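Asks: A single structure is presented below for examination.
Laboratory data are not the source of any read-out in this text; all were calculated from the coordinates shown. Computed from a prediction, not measured in an experiment: that's the story for all the values here. Using ideal geometry, Cβ is built from the backbone for each residue, glycine included, and neighbour counts are taken over all protein chains shown.
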Amino acid sequence: MTAAPLPAACAAVLRRDLTLAWRRRGDIAMPVLYALIVATLFPFALGPEQALLQRIAGGVVLVTVLLAMLLALDAMFRSDIEDGSLEQLVLAPQPLAVLLGMKILAHWLTTALPLIVVAPLLAGMLHLPAEVIPVLLLALLLATPMLSLLGAVLVALTAGTRRSGMLLALMLLPLCVPVVIFAAGAVAAAQQGLPWLAPIAWLGAALALTLVLAPLGCAVALRIALDA
Amino acid sequence: MSDWIPLWLHKLGSPPVFYRFAGALRPWMLALALLLGAVALYGGLVLAPADYQQGDAYRIIFIHVPSAWMSLFIYGVMAVASFIALVWRIKLAEVVAMESAPVGACFTFITLVTGSLWGKPMWGTWWTWDARLTSELVLLFLYLGVIGLYHAFEDRRQGARAAAFLAIVGIINVPIVHFSVNWWNTLHQGSTVRILGPSKMSGDMLWPLLTMMAATKFYYLASLFGRIRADLLAMESGKDWVRQIAAREEAR
């Protein structure tokens, strides 16, 4: 039996993960619902004053999206580890990093993309000016794949452990500090009418770097976590 | 040719040999650390003149700055040991990396506490979101992440390898975090002590600082050796050499 060519294998992994996610559509809605709830709580806690909400809107939306992604991150490989399909993926003749990249892409499509879609709604609820929203979306489009990629490396590291929820948050925090700074920096600059291209460019550069390195790191981490 | 150096290093990698080696060196390291620490404290708290601007409050730097140096130095040691552990799968390197983490976390914590004690009279606030403070806090989280991941695994060696990988990811991250928070906000004073070129510090203040730096280095070694010895005994508890040590302890 000859090994399937790489593009076909990638398409198969992607199709399988998207099908699985589609069969459990309720799970896709969960992070979105969580983000909506968190964003709703802020006006209650801080008061409905428009000027204050406007000032914090960009940062609140970013942090909310980050937390919602963190919530979904834990489940990235869990069912695959439980039914043993992840081990089959490790044994596959195709490069593991590329196959894992496809899994990360599927995870991003099912968790981060819905969050980006509702982000304008969250921003609107917090009175973010309409002309800043495109910048916020651009920042999210660059920041969320980075969070998915970095998160995947950490999830792979905790694959051999049972309790990992809080640990994942602790490990992700140092890694996502630069992402949050630059994404929020771009939104804040746009809100003040300053040029916002520089932080966006930094985000793009960082995304290019993570796109190459994170799947490789994820593969190494998974091999460490699975050989027991 | 001098073949004995690599031979000696290879021998040192074996747990029983390292156990004896660390046991022999540890008291000397601890004694040196205490002696140098006492001298440095006397020099810093009594002999050094008060600062013309900050008065006596600046004296906390004799604890703060060496701790801050150690927090970064130990992270470096941990990352190098992690790299060795992952590439050559040396058991001892895993132990060195994992036992360095709690010591490093303590030094980071001391740095943060003394920094905020100093910040209250000087800046008028316990905490500020300055670049260096934030980087140090992130460093503490990195240490805690490594320790947490190590203990989350049931198998020690597997946990050590996973945590070692996290330490390597972390050391790539440290400069990125430092650069990005620098861009974000800065209040902390710049470097005063330089390795190359003259320092911007009076000699009366410099020598206690450098002595304390040596003291913290020796303390780290003493503490690390003690922890490694305990860890080796626990990890190799089924082996013959541990049984012999246990039998000798019983007989006493």
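Asks: Sort the following peptides by mean Cβ neighbour count (other Cβ atoms within 10 Å, averaged over residues), highest first: A:176-188, A:71-83.
Replies: Descending mean neighbour count gives A:176-188, A:71-83.
Asks: Explain nothing, just the number: relative contact order of chain B, from Cα pairs under 8 Å at least 6 residues apart, as a whole percent.
Replies: Contact order relative to length: 32 percent.
Asks: Treating the Cα atoms of the range A:85-228 as identical point scatterers in vacuum, please give the log10 of the normalised Debye intensity I(q)/I(0) at q = 0.13, 0.15, 0.18, 0.22 Å⁻¹, two decimals.
Replies: -0.64, -0.81, -1.05, -1.35
Asks: To continue, here is another question. Can you check how the C-alpha radius of gyration of chain B compares to 2.2 N^0.38 Å, as a plain ratio?
Replies: Dividing the Cα radius of gyration by 2.2 N^0.38 Å gives 1.14.
Asks: Continuing with this model, one more query. Report the charge-dipole magnitude of the range B:200-252 in Debye, nearest 20, computed about the Cα centre from +1 at each Lys and Arg Cβ and -1 at each Asp and Glu Cβ.
Replies: Using only the charged Cβ atoms, the result is roughly 60 debye.
Asks: Taking beta carbons within 10 Å but only from partner chains, what does the mean come to for residues B:158-168?
Replies: 5
Asks: Project the alpha carbons of the range B:37-184 onto their principal axes and report the range along each, largest first, in whole Å.
Replies: Principal extents (Cα only, largest first): 54, 39, 22 Å.
Asks: Let me ask something else. Taking every residue in A:148-161, how many Cβ atoms of other protein chains lie within 10 Å of its Cβ, on average?
Replies: So the per-residue partner count for this stretch is 3.
Asks: For B:H151, B:H178, which order do you get if you count the other beta carbons within 10 Å of each Cβ and list the fewest first?
Replies: B:H151, B:H178
Asks: If I model a spin label as a point 7 Å beyond the Cα along the Cα-Cβ vector, how far apart are those points for A:T2 and A:E87 in nm?
Replies: Here the modelled spin labels are 3.0 nm apart.
Asks: When B:T128, B:T114, A:T144, A:T2 are ordered from fewest to most other Cβ atoms inside 10 Å of their Cβ, what list results? Before the final figure, lay out each step's value.
Replies: Numbers: B:T128 15, B:T114 18, A:T144 24, A:T2 5.
Taking fewest neighbouring Cβ atoms as first place, the list is A:T2, B:T128, B:T114, A:T144.
Asks: While we're looking at this one, here's another question. Which helices pass in chain A if a helix is a full DSSP H run, must span at least 20 angstrom along its long axis by Cα, and must have mean Kyte-Doolittle hydropathy not below 1.6?
Replies: Working: long enough: A:6-23 (26 Å, 0.59); A:25-46 (33 Å, 1.53); A:50-73 (34 Å, 1.99); A:133-157 (35 Å, 2.52); A:165-191 (35 Å, 2.16); A:197-226 (42 Å, 2.01).
Qualifying helices: A:50-73, A:133-157, A:165-191, A:197-226.
Asks: Residue farthest toward the positive end of the dipole of the protein assembly as shown, with Cβ of Lys/Arg at +1 and Asp/Glu at -1: which of A:M76, A:L62, B:I245?
Replies: About the Cα centre, the residue reaching furthest to the positive side is B:I245.
Asks: Across 5 Å bins from the origin, how do the percents of Cα pairs in the range A:7-133 run, short distances first?
Replies: Pairs per bin, as whole percents: 2, 10, 18, 18, 14, 11, 9, 8, 5, 3, 1, 0.
Asks: Within the range A:107-123, what residues put their amide N at less than 19 Å from the label point 7 Å along the Cα-to-Cβ vector of A:F44?
Replies: Correct set: A:122-123.
Asks: In whole percent, what relative contact order does the range B:1-119 give with Cα contacts below 8 Å and a gap of six or more residues?
Replies: Computed value for the range B:1-119: 26 percent relative contact order.
Asks: How do A:M30, A:M102, B:M212, B:M98 line up, fewest other C-beta atoms within 10 Å first?
Replies: Exposure proxy ranking, most exposed first: A:M30, A:M102, B:M212, B:M98.
Asks: Any idea which of B:M213, A:L172, A:H127 is furthest toward the positive side of the dipole for the protein assembly as shown, if Lys and Arg beta-carbons carry +1 and Asp and Glu beta-carbons -1?
Replies: B:M213
Asks: If the chain between A:R16 and A:L33 were fully stretched, how many nm would it gain, using 0.36 nm times the residue separation less the Cα-Cα distance?
Replies: 3.6 nm is the gain from fully extending A:R16 to A:L33.
Asks: For chain B, give the magnitude of the charge dipole about the Cα centre (Cβ charges: +1 Lys/Arg, -1 Asp/Glu; no others), in debye to the nearest 20.
Replies: Details: 20 positive and 15 negative charges, 85 e Å.
My answer is approximately 420 debye.
Asks: Then there is this: Binning at 10 angstrom from zero up to the longest distance, how are the C-alpha pair distances of the protein assembly as shown distributed in percent?
Replies: Taking every Cα pair in the protein assembly as shown, the percentages come to 4, 16, 24, 23, 18, 11, 4, 0, 0.
Asks: Treating the beta-carbon of each Lys and Arg as +1 and of each Asp and Glu as -1, no other charges, what is the dipole magnitude of the range A:6-226 about its Cα centre, to the nearest 20 debye?
Replies: 260
Asks: Here is a further query. For an R0 of 25 angstrom, estimate the FRET efficiency from the Cβ-Cβ distance between A:D227 and B:W241 and round to the nearest 0.05.
Replies: 0.40
Asks: Then there's this: Taking chain B as the reference, fit the longest principal axis to its C-alpha atoms, fit the long axis of helix B:131-152 to the helix C-alpha atoms, and give the angle between the two in degrees, 0 to 90, nearest 10.
Replies: Approximately 20 degrees, to the nearest 10.
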